[in-house]
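Enquirer: What follows is a structure written as structure tokens; I'll ask about it next.
The values are calculated or read from the model by the stated rules, or taken from the named source; none is laboratory data. Note that the coordinates shown come from a computational prediction; the quantities given were computed from them, not determined experimentally. Positions of Cβ are backbone-derived with ideal geometry, glycine not excepted, and every protein chain shown enters the neighbour counts. For accessibility, only protein heavy atoms count, side chains too; no ligands or nucleic acids. Shrake-Rupley method; radii C 1.70, N 1.55, O 1.52, S 1.80 Å.
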Amino acid sequence: MLLLSSCVFIGYYHIAFLVIALLISLATFFLGKWVGQTKREKDAKRIYISGLCLLIVGWLTFRYANLLPGVHLLFPLGISFYTFQALSYLTEIYWKEEEPEENLTDFMIYMLFFMKFLSGPIESKRYASPIEVRETGSLPVHCLWNETDSSGIGKKLILADYISPHIDGIFNSVHAASGVQLLMACLLYPIELYGDFSGYTDIALGGACMLGFKLSPNFNRPFIAQTTAEFWRRWHMSLSFWVRDYLYLPLSSGMRRWGQWGVFLSLSLTFAGLGAWHGAGWNFIIYGLIQGLLIFYEMKTAIFRNKLKTWLGNPLFSALSIIRTYLLFAFSLIFFRLDSVTDAFYYIRHISFSTHASWKEMSIGMSDHNCIVAGSALVLILTYEYFMSKRDLLEALAKQPALIRWSIYYLLAIMFFTLGQFNSDSFIYLQF
């Protein structure tokens, strides 16, 4: 039933999406068995490399074929995420870290489970072989509430969807915006992206929990990161760890004889690949290279930053480091968000604190009501995440009397239905 539901979910928008997902999943399943059963190392490697090339070429065809004149292919929903899952699955088998999955149904659920199909998280075979079902007589109360009815919906419907029309309006008309509007859109876009993508992830994790499944977390308070390297250990974690395990570590191992240049080249290639994963265009490559350069810079200046930390004191140094990391990420997202490098450089040149009329331009067109609601939602979400890092609030809530629990449930439901923006029908990361 779960596999059938996932197939209906995938094929509802376009039957071709289901056909492609089934073909890739079946090919991966049988390639994995073939690699695992092949005794000779040379033959296993040949099959493994052929499988990787098949999957990568298939993904590249759909991802970048539209750049060719006269070619118009639909980009299948979720293909980037389940292709990466397939690549990690084959790699784990070839590395002898995992045995091939014997049950085809379990493997197809691992690949096609509808809660994570569209935008992840990317479940590595090492952590989900297949996705484990908790054998419980009834679902715990906190699981029924979970992120689905709390942070996920709040991040998406109240935070991201309140500010996204105004931020998108600035990015879609950069030549008509004032310098301060460009500045505010740049500073707020990481919050929109976090609210939208992290909101999706929380809803996916919460919905999977309601069905008895446990998916990997994808975000862990990224805006408290003090370095770019730490940021990527907290942001889009399943993709970050995938890139680290299957791209950066093999590259750095192969280039270690080159010393620091090997590290620099490994980081550059890894994050350039990460940028290319997001889309075709030099703007995405530059976005990725900025991340790699920042991480290499942080590695080279670690001693200096430790001395600065001693001189400034830990609280001040930590606060300044968090602000620096956020600003650098916001800057790099200019290349991520705009369609061309030309537009990105125009955007950067024209950022300023000057206004055309008044400082009200800092609101980027948002009404006072929307500013208050979105600002309050951001504060509540960050506060909630802080206390969740100290203690599982959902577990604590589950132990409270029914009157308290259901009062909170109804209060949240009323808040979501009253304040939520229900006119958005998509998530940002569906395009990837």
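Enquirer: With θ set to phi - 60° and the Karplus curve 6.51 cos²θ - 1.76 cosθ + 1.60, what are the ³J(HN,Hα) couplings of segment 339-353 in order, to the nearest whole Hz, using x for Gly and Pro?
Expert: Per residue, the Karplus-derived 3J(HN,Hα) values read 7, 8, 5, 4, 5, 5, 5, 4, 4, 5, 5, 9, 5, 6, 9 Hz.
Enquirer: So how much accessible area does HIS369 have, in Å² to the nearest 10, using a 1.4 Å probe?
Expert: Approximately 100 Å² for this residue.
Enquirer: Okay, moving on. Which lysines does LYS390 reach when only Cα atoms under 29 Å apart count, and residues fewer than 8 places away in its own chain are ignored?
Expert: List returned: LYS116, LYS155, LYS156, LYS214, LYS309, LYS399.
Enquirer: Under 20 Å from the Cα of LYS42, which lysines turn up, not counting those fewer than eight places away in the same chain?
Expert: Qualifying lysines at Cα under 20 Å: LYS33, LYS96.
Enquirer: Okay, next question. What are the ³J(HN,Hα) values, in whole Hz, obtained from phi via the Karplus relation 6.51 cos²θ - 1.76 cosθ + 1.60 with θ = phi - 60°, for each residue of segment 200-210 in sequence order, with x given for Gly and Pro?
Expert: With the stated coefficients, segment 200-210 comes to 4, 4, 4, 5, 5, 5, x, x, 5, 4, 5 Hz.
Enquirer: While we're on this one: Which of rounded, prolate, oblate describes segment 287-432, given a ≥ b ≥ c as roots of the alpha-carbon gyration tensor eigenvalues and a/c under 1.5 marking rounded, otherwise prolate only if a/b is larger than b/c?
Expert: It comes out oblate by the Cα gyration axes.
Enquirer: Oh, and also: Alpha carbon centre of segment 11-58 versus segment 238-300: separation in Å?
Expert: Result: 26 Å between the Cα centres.
Enquirer: Please give the per residue accessible area of the chain, computed with a probe of 1.4 Å over protein heavy atoms only, in Å².
Expert: Accessible surface, normalised per residue, equals 50 Å².
Enquirer: What Kirkwood radius, in Å to one decimal, follows from the Cα pairs of segment 276-338?
Expert: One decimal place: 13.1 Å for the Kirkwood radius.
Enquirer: Quick one, which of (i) 0.94; (ii) 1.02; (iii) 0.97 is the actual Rg/Rh (Cα atoms, Kirkwood Rh) calculated for this model?
Expert: Of the listed options (i) 0.94; (ii) 1.02; (iii) 0.97, (iii) comes from this structure.
Enquirer: Taking the highest mean first, how do the peptides 296-305, 374-383, 114-123 order by number of other beta carbon atoms within 10 angstrom per residue?
Expert: Taking the mean over residues of other Cβ atoms within 10 Å, the ranking is 114-123, 374-383, 296-305.
Enquirer: Which whole-Hz ³J(HN,Hα) couplings does segment 25-31 yield from phi under the Karplus relation 6.51 cos²θ - 1.76 cosθ + 1.60, θ = phi - 60°, glycine and proline marked x?
Expert: Going residue by residue, I get 5, 5, 4, 5, 4, 6, 5 Hz, with x marking Gly and Pro.
Enquirer: Okay, next question. Could you tell me the accessible area of TRP242 in Å² (1.4 Å probe, neighbours in place), rounded to the nearest ten?
Expert: 30
Enquirer: Rank these residues by their accessible area, most exposed first, probe 1.4 Å: THR105, THR228.
Expert: THR105, THR228
Enquirer: Among VAL263, TRP242, ALA280, whose Cα lies farthest out toward the positive end of the dipole of segment 146-290, if unit charges sit on the beta carbon of Lys, Arg (+1) and Asp, Glu (-1)?
Expert: VAL263
Enquirer: If you don't mind, another one. Sorted by accessible area with a 1.4 angstrom probe, largest first, how do HIS278, HIS166 fall?
Expert: HIS166, HIS278
Enquirer: Would you mind calculating the relative contact order of segment 280-404 from Cα pairs under 8 angstrom and at least 6 residues apart, reporting the percent as a whole number?
Expert: Over segment 280-404, the number comes to 30 percent.
Enquirer: On average, how much area does the Cα convex hull of segment 242-366 cover when viewed from any direction, in nm²?
Expert: Projected area, direction-averaged: 10.9 nm².
Enquirer: Can you give the helix-only mean residue ellipticity at 222 nm for the chain, where every DSSP H stretch with n ≥ 4 adds -39500 (n - 2.57) and the sum goes over all residues, rounded to the nearest 500 deg cm²/dmol?
Expert: It lands at -21000 deg cm²/dmol.
Enquirer: Expressed as a whole percentage, what fraction of the accessible surface of the chain belongs to carbon and sulfur atoms when a 1.4 Å probe is rolled over the protein heavy atoms?
Expert: For the chain, the apolar C and S fraction of the accessible surface comes to 67 percent.
Enquirer: Roughly how much of SER352 is accessible, in Å² to the nearest 10, using a 1.4 Å probe?
Expert: Approximately 40 Å² for this residue.
Enquirer: Let me ask something else. How would you rank 168-179, 321-332, highest first, on the average number of other Cβ atoms within 10 Å across their residues?
Expert: 321-332, 168-179
Enquirer: Can you pull out the chymotrypsin sites (Phe, Trp or Tyr not before Pro) in segment 57-96 whose DSSP state is coil and whose Cβ has at most 15 other Cβ atoms within 10 Å?
Expert: TRP95
Enquirer: Where does each of ARG391, ARG257, ARG405, ARG233 land when they are ordered by accessible area, with a 1.4 Å probe and the largest first?
Expert: ARG257, ARG391, ARG233, ARG405
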